[in-house]
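**Q** Quick one: the structure is below, and I'll ask about it shortly.
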Amino acid sequence: MLPRGTTDISLARRATILSGDIFGSPRLTPRIADIRLLLCPLARNDIRTVRCLGLNYARHAAESKMPEPKYPVVFYKPATAVTGPLDPIPVPHVAQDPPNVDYECELVAVIGKEARDVSEADALNYVLGYCVGNDVSHREWQLARGLGKGFDGWAPIGPGLVAPSAIPDPQALRISTFVNGEKVQSSSTADQIFSVARAISFLSRGTTLAPGDLIFTGTPEGVGMGRNPKLWLRDGDVVEVELEGVGRCRNVVQFERASTTPPPPPSPETERSRL
């Protein structure tokens with residue numbers, strides 16, 4: 001184990017870091033928007049937990065007709081939900097009836113070294129990098145069944161990790177979503193109720209945040225559920241989430257098709273059991 005406060009160098013080398021000077025590499029910040037990366041910036045084996053904050057933008061809480069939370073609202077996604085910036089968003093059969101699939105653009109912080117009981121003032125020193133993510137959500141499964149956010153491929157992130165040295169203030173970034181080219185979310189991380197630093201500090205209380213842990217920090221107003229009429233994602237829709245200084249993820253919604261392969265014939269044992 002690395003000494004407390006030391007960046008996990010092996011993780012940093014495996015991650016796709018677009019900008020910064022963690023190894024004294026050339027800074028790529030001016031042309032980040034022009035860099036096209038195809039792979040998820042982190043390998044799934046490097047991701048231990050995916051923590052997510054709900055209702056963390058004041059105007060999103062208002063559109064949801066809910067009071068601003070006193071403490072961060074936390075839920076988890078499985079690592080199997082994490083995919084890359086150009087991977088499809090697969091919608092399984094169970095999420096197609098009703099097909100109320102929603103988008104949520106979010107600033108994602110990636111932890112770079114062990115953090116436990118860290119102060120808000122020191123919290124950002126534990127961040128390896130930032131990226132943008134889409135907390136894809138199925139509202140009926142979420143609200144009626146308590147799941148709805150953890151289907152495979154429902155947390156695309158990317159296009160790479162931008163080192164904190166390139167983003168001195170994560171609370172001053174424009175954040176947007178586009179569906180088929182139309183801007184449907186447009187806000188600033190300044191509207192967050194709990195800042196990135198405050199969220200990291202809160203999540204580290206009595207709990208060790210490990211290198212590779214992801215923190216989705218909430219979505220602003222403009223989600224499909226809050227619109228009139230509601231805007232659900234459909235098969236073939238192109239969803240792009242964008243964060244200033246980081247870039248975009250561009251993902252196509254793909255409804256899973258029913259299998260056309262005929263079922264195998266029953267075994268003799270099955271036939272005998274019917275007699």
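Read the figures in this text as sums done on the coordinates, not as results from a lab. Treat the numbers as computed from the prediction; the structure is a model and nothing was measured. We place every Cβ from the backbone using ideal geometry, glycine too, and count neighbours over all the protein chains shown.
**Q** Hey, fewest Cβ within 10 Å first, where do S204, S137 land in order? Intermediate values should be presented prior to the final figure.
**A** Numbers: S204 19, S137 24.
Lowest to highest Cβ neighbour count: S204, S137.
**Q** While we're looking at this one, here's another question. Pulled fully out, how much extra length does the chain show between K70 and S165, if you take 0.36 nm times their separation in residues and subtract their Cα-Cα distance?
**A** 31.1 nm
**Q** Next question, about the same structure. At what distance in nm do the modelled label points of R234 and R205 sit from each other, each positioned 7 Å from its Cα along Cα→Cβ?
**A** In this crude label model, R234 to R205 measures out at 4.5 nm.
**Q** Could you list W141, W154 in order of exposure, starting from the residue whose Cβ has the fewest other Cβ atoms within 10 Å?
**A** Placing the least packed residue first, the sequence is W141, W154.
**Q** Going by amide H atoms built from the backbone, whose H comes under 5 Å of the H on N56, apart from near neighbours?
**A** For N56, the qualifying residues are T219.
**Q** For R174 and N125, FRET efficiency with R0 = 25 Å and r from the beta-carbon atoms, rounded to 0.05?
**A** The pair N125/R174 has a calculated efficiency of 0.55.
**Q** I need the calculated FRET efficiency for the pair D152 and S186, taking r as the beta carbon distance and R₀ as 35 Å, to the nearest 0.05.
**A** Efficiency at R0 = 35 Å is approximately 0.75.
**Q** Here's another thing I want to ask about it. Say R0 is 30 Å: what FRET efficiency, to the nearest 0.05, do D117 and D97 get from their beta-carbon distance?
**A** Here the calculated transfer efficiency is 0.10.
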